[in-house]
Amino acid sequence: MIKIYRTDDQRIHEEEKMADGVWVQMIQPTREELEQVSQVNHIDIDDLMAALDEEESSRIELEDGYTLILVDIPTREVRHDKMTYTTIPLGIVLTQSLIITVCTEDTPILQRFVRNRVREFSTKKKLRFVYQILFRVATLYQENLRFLDKKRLEMEECVLGNTEDIDLIALHELESTLVYFATSLRANAAVLERLTRYKRLEQYPDDQELLDDVIVENHQAIEMTMIYKDIINGTRELLSAVINNRLNNVMKFLTSVTLVMAIPTIISGIYGMNVDGRWMPLATVPYGFYWICLLTFVICVIALILLKKKKML
């Protein structure tokens, strides 16, 4: 799908044809659409298709007549029947006359521009537009990281309850997401660092300030990712410790029950031996059976008290 936008008097509206000062938004484009944009703007079609490959890494390339910027952006996906986060490439192509964005999804980063919710947004100020996109990428990472931290807090509150395998799997998914975020943010940081060095990209003082803000926000997102990753590691270790402690308590309880149950088993085994009854205590006493049962019960109670004092129960 291809949509063409232009801003006039800080208002965005859709155009029918590509012209100077427009923004060409390509969302999951077909091969024919890619060839059309490639031919009209003299862009290598492989550069346009790079954003459609999920394995592409963030980079910036200066070609004859245009500049390609690839960054990773966060998005949602269903994993193990649960909604989680991952990263996908977003391609930005700067030509002399217009700007082109290519992505496999209609990301909320660009939706804010389409809905005219970004101040001082103009399709004619191409480089500033790029920096505004990168700023939204960094802030979206931070928003998603805060949401992930809330999910971690919810899992910590459930630690005192019944911890199941699904909780450990969910925690692993959070940790995997943070790994994706950390890798993508570092790659984006390399792109931002290269943008500060390129003389070919004409920058105005306001644009340079905005780029500095983008670098700060991206660095903050990296720091948040590493902090949350360390916290999740601690949460995972806490869950493992709680599970091991519960297992130890169960094993102690079962051991104690086994010891107590062994007492009547030993006594009944002794009295079941094939020997002369005259040599067995209480064998000839009236109600001897009941006295033996009472003695066995008393011994079991004493054993339970001792185990309780030893905190085995």
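Side notes on the structure shown:
- Note that the chain presents 59 Å² accessible area per residue, ligands and nucleic acids not counted, probe 1.4 Å.
- Qualifying GluC sites (Glu not before Pro) in region 98-197, DSSP loop, other Cβ atoms within 10 Å at most 12: 120, 164
- Within region 227-263: backbone nitrogen closer than 17 Å to the residue 303 label point (7 Å, Cα to C-beta): 252-263
- Rg over Rh, two decimals, region 162-313 (C-alpha only, Kirkwood Rh): 1.54
- List 194, 59, 146, 115, ordered by accessible area with a 1.4 Å probe, largest first: 115, 146, 194, 59
- Here the sum of -39500 (n - 2.57) over DSSP H runs of 4 or more residues, divided by the residues of the chain, equals -20000 deg cm²/dmol at 222 nm, to the nearest 500.
- Calculated over region 84-223, the projected area of the Cα convex hull averaged across directions stands at 9.7 nm².
- Across region 1-148, the mean sequence separation of Cα contacts (distance under 8 Å, 6 or more residues apart), normalised by length, yields a relative contact order of 25 percent.
- Relative contact order %, the chain, counting alpha carbon pairs below 8 Å whose residues are six or more apart: 15 percent
- Positive end of the dipole of the chain (Cβ unit charges, origin at the Cα centre): among 68, 240, 28, the Cα lying farthest that way belongs to 240.
- Stokes-Einstein diffusion for region 226-313, with the hydrodynamic radius set to the Kirkwood value over Cα pairs and evaluated at 20 °C in a medium of 1.002 mPa s, equals 128 µm²/s.
- Cα convex hull, region 221-277: 44 Å³ per residue, rounded to a whole number.
- Remark: the chain carries a charge dipole of roughly 2180 debye about the Cα centre, counting +1 on each Lys and Arg Cβ and -1 on each Asp and Glu Cβ.
- When the convex hull of its Cα atoms is projected in every direction, mean area for region 12-116 (nm²): 7.3 nm²
- Amide H contacts under 5 Å for residue 79: 84, restricted to partners 5 or more places along the chain or on a different chain, H placed in the peptide plane at 1.01 Å from N.
- Here the translational diffusion coefficient of the chain follows from Stokes-Einstein with Rh set to the Kirkwood radius across Cα pairs; for 37 °C and 0.692 mPa s it amounts to 133 µm²/s.
- Given charges at Cβ of Lys, Arg, Asp, Glu: the chain dipole, positive-most of 266, 138, 49: 266
- For region 168-186 versus region 89-113, the spacing of their alpha-carbon centroids is 25 Å.
- Ellipsoid semi-axes for region 69-148, based on the Cα gyration tensor and the rule √(5λ), read 25, 14, 10 Å when sorted largest first.
- Projected onto their three principal axes, the Cα atoms of region 1-59 cover extents of 39, 23, 18 Å, largest first.
- The long axis of helix 165-195 is offset from the longest Cα principal axis of the chain by roughly 30 degrees.
- Mean sequence separation of contacting Cα pairs (under 8 Å, at least six apart), scaled by the length of region 181-301, corresponds to a relative contact order of 21 percent.
- When the solvent-accessible area of the chain is split by element, carbon and sulfur atoms take up 56 percent of it, the probe being 1.4 Å.
The values are calculated or read from the model by the stated rules, or taken from the named source; none is laboratory data. Everything numeric here is computed off the predicted structure, so don't read it as measured data. As a convention, Cβ positions derive from the backbone with ideal geometry for all residues, glycine included, and neighbour counts pool all protein chains shown. We work out accessible area using only protein heavy atoms, side chains counted, and drop any ligands, DNA or RNA first. Shrake-Rupley method; radii C 1.70, N 1.55, O 1.52, S 1.80 Å.
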